[in-house]
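To start, the structure itself, in structure tokens.
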Amino acid sequence: MSDAIAKTAQKTGTTAVQRCIVPACAATFGIREQIYLCPRCGGPLEIEIPLELLKSVPDLRERWHARAASQDARDRSGVWRFRELLPFDDGAPVVTLLEGNTPLYDAPRCAKYAGLTMLRVKHQGCNPTASFKDTGMTTAVTQAKLLGARTVVCASTGNTAASLAAYAARAELQCAILLPQGQISPAKLAQSMDYGAVVCEIAGNFDDCMRLISELGDLPSIYIANSINPFRIEGQKTVALELLEQCGWCVPDHVVVPGGNMGNSSALGKGFEEMLRLGLIDRLPKISVIQAEGSAPLAHLFAGLKPSEFAADRALPDEIAPVANPRTLATAIKIGAPVSWKKALRAVLRTHGSIIAVSEQEIADAKAIIGRDGIGCEPASATTVAGIRKLVAAGKMHAGESVVAVLTGHVLKDPDYVGHYHRGTLSFESVTEQGTAKSGPIAGAFRNAPEKVAATKEAILKSLESRR
Ligand code: F0G
């Protein structure tokens, strides 16, 4: 396409553009411009897909569904089979590990625990690198290839790094990851080493790593794959489409996700919104975001909103008060200054959901209950079930409503946490109101410690009897 034609197409809304989400700015930029924030006002960018054009495509839902049975690599990816909604041409050098297509399970024990008749969980831990990040990394790394980047980088609490390392390896790109030293689960670190990334352990926390990333982003040969990158969000939004497909296009009342850097909640909001605008659904689910108490800047902001600020079309607050020293054993979401908070807040306000925080004890017990359903997940993911329980108790969710929790990472992502919980040695250092640190054990309500059993049949049977 010539530049002139591309510009006209851009103006008439027939091609995807990058658009600043700040309503007073709303500047647009070409899809192949390597930018992460609005060059005009510094606001966050999002991809605008020409949805009007798609409205004339017949049987989109049937087309997406049929692709699941095809042998084409793009069709077998749970992201690229929705490619009509992705900002790439047919000839794009797709970098895929066949991500997506993750299960939606019934979780009856979790439902009972939370006070619901039924609860379903969408297990994004069943992705190639065992977290939801893969659905966004396939599109971000494809874009990196298109832009001719030499190196892809990210700051991470572990999962983004593992995912980027894997996709960069597939794409034969150099990968550098910035991790807060000593604050990453060894299992996630192991993945990044194995996939061949340059692992930089930074003396600081995740927010320090994120600051360094924005400095590196000035270099054209380096491409940032954190969720400020709107191409990440494009891949991750397909989870909403896949979920709707699994629900027979019957919209759940609530979709609940953990909140860290806030890319996931932003992406789901965008996915559902686009389905509504295409007329493929007739309402939006309420999106609720759950944070860990010690790392909950957006839950604090949300709790402080005045009733008049809850209107979806109100201008978003300009600032968020960061948590200077975020704390939680759910290290994946140990983040004090989330970069995508505006997009996430917008999605929650538009859908009339909630943003709340849950305690370490609540996360730990919810995680064990998810395990008892035979599903399992990492600690950050369990904020969902803990949050749902709290929302039900607060009357914000009702027993008979349809609720989906998005589990973001696999149980094996953090085996140390699991072992400590079940052996009764999980301990958390919190800060008292006086500002002093206080360390205390978490008494798990659903502990299941291994026991030493003699090597005889009788001893084994006795052990089984005692646990009936
Ligand atoms: N759950 C898990 C397992 C995560 O790894 C993350 C984020 C989240 C939830 C929160 O998602 O940031 O989109 O709100 N992990 C990032 C990382 C920060 O570096 O792996 P979010």
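Filtering the stretch 96-115 to residues that are of a type in the set (A, V, I, L, M) and surrounded by fewer than 24 Cβ atoms within 10 Å (Cβ to Cβ) leaves Leu97, Leu98, Leu104, Ala111. Gly336 falls short on exactly one of the conditions (1) at pLDDT 95 or above; (2) farther than 22 Å from Ala393 by Cβ; (3) surrounded by 14 or more Cβ atoms within 10 Å (Cβ to Cβ); (4) more than 15 Å from the ligand (Cβ to nearest atom), and that condition is (4). Within the stretch 385-405, identify whether any single residue is within 25 Å of Thr157 (Cβ to Cβ), polar (S, T, N, Q) and more than 17 Å from the chain's Cα centre (by Cα), and answer yes or no. Checked against the condition, which is being within 25 Å of Thr157 (Cβ to Cβ), polar (S, T, N, Q) and more than 17 Å from the chain's Cα centre (by Cα), the stretch 385-405 yields no hits at all. Out of Val257, Val323, Val289, one residue alone is in contact with a Ser or Thr (Cβ under 7 Å, 6 or more places away or on another chain), part of a loop (DSSP other than H, G, I, E, B), within 19 Å of Phe206 (Cβ to Cβ) and among the aliphatic types (A, V, I, L, M). It is Val323. In the set Pro307, Pro258, Pro285, only one residue is surrounded by 24 or more Cβ atoms within 10 Å (Cβ to Cβ), away from the ligand (no atom under 16 Å from the Cβ) and not aliphatic (A, V, I, L, M); that residue is Pro285. Just to be sure, is Glu215 modelled with pLDDT under 95, more than 12 Å from the ligand (Cβ to nearest atom) and more than 30 Å from Ala364 (Cα to Cα)? Yes: the conditions hold for Glu215. Within the stretch 107-120, does at least one residue satisfy the condition of being within 30 Å of Asn205 (Cα to Cα), in contact (Cβ under 8 Å) with a residue 60 or more places away in the chain and touching a Pro at 6+ places or on another chain (Cβ under 9 Å)? No: zero hits.
Taken together, the residues in the stretch 110-138 that are part of a helix (DSSP H, G or I) and farther than 12 Å from Ala166 by Cα amount to 10. Of all residues in the stretch 117-127, exactly one satisfies the criterion of being of a type in the set (A, V, I, L, M, F, W, C), surrounded by fewer than 24 Cβ atoms within 10 Å (Cβ to Cβ) and more than 16 Å from the ligand (Cβ to nearest atom), namely Met118.
Taking Gly269 as meeting all but one of (1) away from the ligand (no atom under 12 Å from the Cβ); (2) assigned to a helix (DSSP H, G or I), write down the number of the exception. Failed condition: (1).
Within the stretch 377-432, the set of residues being of a type in the set (Phe, Trp, Tyr) and either assigned to a helix (DSSP H, G or I) or free of Cβ contacts under 8 Å to residues at least 12 places away in the same chain (or both) comprises Tyr417, Tyr421.
The values are calculated or read from the model by the stated rules, or taken from the named source; none is laboratory data. Just so it is clear, the model here is predicted, and its values are computed rather than measured. Quick reminder, even Gly has a Cβ in these numbers, built from the backbone with ideal geometry, and neighbours come from all protein chains shown.
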